[in-house]
1. Running a GNM on the chain with Cα contacts under 10 Å, which residue among 14, 65, 105 ends up with the highest mean-square fluctuation?
2. Treat each spin label as a single point 7 Å out from the Cα along the C-beta direction, and report the residue 109 to residue 86 distance in nm.
3. Considering the chain as a Gaussian network with a 10 Å cut-off on Cα pairs, which listed residue, 104, 90, 52, attains the greatest mean-square fluctuation?
4. Under 28 Å Cα-Cα from residue 25, which lysines qualify once same-chain neighbours fewer than 8 residues away are excluded?
5. Would you work out the Kirkwood radius for segment 80-134? I mean one over the mean of 1/r across all pairs of different Cα atoms, in Å.
6. For segment 66-128, which GluC sites (Glu not before Pro) are in a loop by DSSP, counting at most 12 other Cβ atoms within 10 Å?
7. Would you compute, for the Cα atoms of the chain, the largest minus smallest coordinate along each principal axis and list the three values in descending order, in whole Å?
Amino acid sequence: GTERGVREGQAVIFRNGILVGTVEKAESRRSTVLLMTSTRIRVGAEVENNSRSQGIVSGEHSLTFLMKFIPQGETIEKGQTVVTSAVDERIPANLLIGHISEVRFRPGDLFQEATLQPLLDIKRVRFVMIITSR
């Protein structure tokens, strides 16, 4: 909780740098986490490609993630890794989010979007870490 430096919006990760969610509510001795599978979460992200294509990731149907607002001219492909971007100072850049499993776009749209496959089964995670600032 807040007694240990936890603040709302901080990144919650699994042991190898996979983003599990963010701190939704921080109290003195406990915190509530908003999971990446939630449709309410919004995390700045980028695709690990030559142009570091930017977008916003949220949960979709509690199973996958959806990356929206990817500029139409960017080349993104199935299998590419998506990581956090440095948009939010409470969430470090380059935390792992998922792999692109599908790309959707229509000619004339300003943006394209991608479905992401999570890197872990959130239901099996028992211990997490919160990245706090000093």
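Laboratory data are not the source of any read-out in this text; all were calculated from the coordinates shown. Every value quoted in this text rests on a predicted model; they were computed, and no experiment measured them. Positions of Cβ are generated from backbone atoms using ideal geometry, with glycine treated the same way; all protein chains shown enter the neighbour counts.
1. Of the options given, 105 has the highest mean-square fluctuation.
2. 3.0 nm
3. 104
4. Correct list for residue 25: 68, 123.
5. Working: mean 1/r = 0.0728 Å⁻¹.
This gives a value of 13.7 Å.
6. Qualifying residues, ordered by number: 77, 89.
7. On the principal axes, the chain reaches 51, 28, 24 Å in Cα extent.
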